[in-house]
Amino acid sequence: MDGDRAPWLFDPSATRALVLAHRSPGGRPVEDVVSDVVWGDVVRLLRWASAAASAPPGLRAGTWWRLAAGCAALLRRMPALSAEIDQPWSVLPPEPAAAGVHPAQRIEEVAARLTALLRSGRPVALRVLAPEVDALGEAAVQAIAASSLGSLHPDM
């Protein structure tokens, strides 16, 4: 996410405009509600990712936990939300992480992709969004594990 905090991400009016931009023109009310809920959650996940990137080392694990939990909660709801708006649902695996990329850097990379989707202002099928949310949660869990290993083995 540019390596620094994006001011627009913490501006409620800016993020609300981005969320609303994902509504389909002439969409049904249920589609608008689902879109708003999903993209509102994506904004919250991006805020946690940003917070983790700028947090002091002692607080990063906690923000990664919140990020991983938020991703899991959204993923759990996505099949039902997809059914509500009559979108086909399929589970696609997240894009594999490149070898040698630290999990914290992976969070930044996935957050940048999610940011691009958010800022595109176009409707995105939930089955297309889900692998990115999954990859973000996976990277957060890996970051937690790496930080735990580092605290157990200071020479790592």
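The values are calculated or read from the model by the stated rules, or taken from the named source; none is laboratory data. Just so it is clear, the model here is predicted, and its values are computed rather than measured. Don't worry about glycine lacking a Cβ; one is built from the backbone with ideal geometry, like all the others, and counts go over all protein chains shown. Note: accessible area is taken over every heavy atom of the protein model, side chains too, but ligands, DNA and RNA are not part of it. Shrake-Rupley method; radii C 1.70, N 1.55, O 1.52, S 1.80 Å.
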query = Of all residues in region 99-119, which are surrounded by fewer than 13 Cβ atoms within 10 Å (Cβ to Cβ) and modelled with pLDDT of 95 or more?
reply = A116, R119
inquiry  = Suppose the filter is among the basic types (K, R), within 20 Å of A112 (Cα to Cα), part of a loop (DSSP other than H, G, I, E, B) and at pLDDT below 95; does R23 pass it?
reply    = no
key: Filter result (over 25 Å from S13 (Cα atoms) and touching a Gly at 6+ places or on another chain (Cβ under 7 Å)) within region 24-74   = A68, A72
request  = Show the residue pairs that are 6+ apart or on different chains and have beta-carbon atoms under 6 Å apart, the first residue being within region 18-34 and surrounded by fewer than 15 Cβ atoms within 10 Å (Cβ to Cβ), the second being outside any helix (DSSP H, G or I).
outcome  = S24/P123
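Rundown of residues vs (1) without any contact (Cβ under 8 Å) to a residue 12 or more places away in the chain; (2) under 21 Å from L20 (Cα atoms); (3) touching a Lys or Arg at 6+ places or on another chain (Cβ under 7 Å); (4) in a helix (DSSP H, G or I), yes/no style:
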| residue | (1), (2), (3), (4) |
| --- | --- |
| V37 | no, yes, no, yes |
| W48 | no, yes, yes, yes |
| G58 | yes, no, no, yes |
| A69 | yes, no, no, yes |
| A72 | no, no, no, yes |
| A98 | yes, no, no, no |
| T115 | no, yes, no, yes |
Single residue of region 43-67 satisfying the filter (open to solvent by 50 Å² or more (accessible area, probe 1.4 Å) and not charged (D, E, K, R)) that is farthest from E109 (Cα to Cα) = G58
inquiry  = Anything in region 68-98 that is modelled with pLDDT of 95 or more, within 23 Å of V141 (Cβ to Cβ), open to solvent by 50 Å² or more (accessible area, probe 1.4 Å) and not aliphatic (A, V, I, L, M)? List them, or say none.
reply    = R76, R77, P79
query = When only residues in region 126-136 that are open to solvent by less than 30 Å² (accessible area, probe 1.4 Å) and within 12 Å of S90 (Cβ to Cβ) count, which is farthest from the chain's Cα centre (by Cα)?
reply = L126
task = Quick one: which residue in L45, L9 is closer than 21 Å to A145 by Cβ and within 15 Å of the chain's Cα centre (by Cα)?
result = L45
